[in-house]
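Data first, discussion second: the structure below is written as structure tokens.
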Amino acid sequence: MNAEFFSIRMRASLGGQHISGAERLATADRVEALTAQMTARALAHSRGVPDEIRITVETVPPAALRFGQLPDLTTVPVATVEQGRTAALAELVRAGVSELAAKQTMAALTHGAAPDGGSLRGALLVDAASGVRLEPDQARGVRASHMDLAPAAEAELRAVLASRGLDNEHVREALALAAKVMQMPGFVAELCWSDDPPYTAGYVTSRQRGYVRYPHLKQAGDPNGGRAFFVQPAGFDLAAALDFLQRTPILFDRIGAIHPDEA
Ligand code: WAQ
Ligand code: MG
């Protein structure tokens, strides 16, 4: 495959505050449709109507393109937010995040990690041992981009997810993002729940267990959410990690297993 690829990134804000964002990686023939789709989505978002939408389209050096596999997905069918948070905390600790770092980060996402208390545009980058935040710009966080599902893998994934009632944009995008983040140098785990008020599900990823999702990590209606990428402090190379997250293009052309719900 040596067609030229483009990175397409969208971010929408209102009064400088984050409303929504999205990132895709596609061949030239799909760029027009994808930018239209992203614009429509930005204008009809549950967090509000933006006063600014930025779309950036950039070519990707063909030699830089890498391919990869999505993680396995498991749902832990918790009934309440409290059960979800407790299970997610335990999963983070199993993955190698200290209890202090996990608790502190969950509190930051709960209250809104931006300086004004709202949701960040990007993710927190967190030292898995100390809980210290490592992003150069803490008002923005770190945004991962240049990743997507390859079209055939996307079709295959959609069919499998649909049979489980899980085929929605949140799940598909989160799987592609999580798959890229898992390959970041120094990666230990990721924690996420949506900042879209109606969407209550979230997940923890680790190399050992893949993508473990919890239907309830926040109350419906809550506009606070976010992501945290936990990293191993020993030998951590911040510049290399940022370069990987923001510039290395990866297309996921193989899906993972969708396991039965965990008891
Ligand atoms: N890079 C870094 N952080 C990001 C990115 C990105 N590309 N995209 C979003 N974030 C951060 C940012 O702080 C957002 O405010 C936050 O994550 C939430 O983003 O059912 O929908 O797009 O298995 O609202 C997960 C569960 C849904 C899916 C996640 O996130 C499931 C979701 P959202
Ligand atoms: Mg959102």
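The values are calculated or read from the model by the stated rules, or taken from the named source; none is laboratory data. All figures in this text were calculated on a predicted structure; none of them were measured in a lab. Cβ: placed from backbone, ideal geometry, glycine included. Neighbour counts: every protein chain shown.
Listed by position, the strands (runs of 3 or more DSSP E) contained in segment 1-83 that have at least 3 residues being within 13 Å of ligand 1 (Cβ to nearest atom) and at pLDDT 95 or above are 5-14, 17-27, 73-75. For segment 10-20, the tally of residues that are surrounded by fewer than 20 Cβ atoms within 10 Å (Cβ to Cβ) and closer than 21 Å to residue 174 by Cα stands at 1.
In the set 236, 244, 230, 252, only one residue is assigned to a loop (DSSP other than H, G, I, E, B) and at pLDDT 95 or above; that residue is 236.
Filtering 121, 54 for residues that are basic (Lys, Arg) and surrounded by fewer than 15 Cβ atoms within 10 Å (Cβ to Cβ) leaves a single hit, 54. Candidates in segment 220-235 are the residues that are more than 12 Å from ligand 2 (Cβ to nearest atom) and in contact with a helix residue (DSSP H, G or I) (Cβ under 6 Å, 6 or more places away or on another chain); of these, the one that is nearest to residue 119 (Cα to Cα) is 228.
When residue 166 is tested against (1) under 16 Å from the mean Cα position of the chain (by Cα); (2) crowded, with 18+ Cβ neighbours inside 10 Å; (3) within 13 Å of ligand 1 (Cβ to nearest atom); (4) not basic (Lys, Arg), exactly one condition is not met: (1). Give the residue that is farthest from ligand 1 (Cβ to nearest atom), with candidates limited to residues of segment 225-242 that are hydrophobic (A, V, I, L, M, F, W, C) and surrounded by 14 or more Cβ atoms within 10 Å (Cβ to Cβ). Among them, the one singled out is 236. Can you name every residue in segment 136-148 that is in a loop (DSSP other than H, G, I, E, B) and surrounded by 20 or more Cβ atoms within 10 Å (Cβ to Cβ)? Scanning segment 136-148 gives 141, 144, 145, 146.
Condition check: in contact (Cβ under 8 Å) with a residue 60 or more places away in the chain, within 16 Å of ligand 2 (Cβ to nearest atom) and surrounded by 19 or more Cβ atoms within 10 Å (Cβ to Cβ). Does residue 95 satisfy that?
It is false that residue 95 is in contact (Cβ under 8 Å) with a residue 60 or more places away in the chain, within 16 Å of ligand 2 (Cβ to nearest atom) and surrounded by 19 or more Cβ atoms within 10 Å (Cβ to Cβ).
Could we say that residue 185 is under 14 Å from residue 230 (Cβ atoms) and either touching a Pro at 6+ places or on another chain (Cβ under 6 Å) or not aliphatic (A, V, I, L, M) (or both) here? When the stated conditions are applied, residue 185 passes them. Just one of (1) on the phi < 0 side of the Ramachandran plot; (2) modelled with pLDDT under 95; (3) of a type outside the set (A, V, I, L, M, F, W, C) fails for residue 112. It is (1). Only one of the numbered conditions (1) surrounded by fewer than 20 Cβ atoms within 10 Å (Cβ to Cβ); (2) of a type in the set (Val, Ile, Thr); (3) within 15 Å of ligand 2 (Cβ to nearest atom) is not met by residue 248, and that is (3). Among the candidates 132, 171, 126, the residue that is β-branched (Val, Ile, Thr), within 16 Å of ligand 2 (Cβ to nearest atom) and modelled with pLDDT of 95 or more is uniquely 171. Among residues of segment 186-211 being in a strand (DSSP E or B) and of a type in the set (S, T, N, Q), the one that is nearest to ligand 1 (Cβ to nearest atom) is 205. Given the structure, is residue 82 buried (at least 19 other Cβ atoms within 10 Å of the Cβ) and of a type in the set (D, E, K, R)? So residue 82 fails the test. Any residue at all in segment 163-185 that is assigned to a strand (DSSP E or B), out of contact with any helix residue (DSSP H, G or I) (no Cβ under 6 Å at 6 or more places or on another chain) and touching a residue at least 12 places away in the same chain (Cβ under 8 Å)? No: zero hits.
When segment 149-160 is limited to residues that are within 26 Å of residue 11 (Cβ to Cβ) and out of contact with any Phe, Trp or Tyr (no Cβ under 7 Å at 6 or more places or on another chain), the one that is surrounded by the most Cβ atoms within 10 Å (Cβ to Cβ) turns out to be 157.
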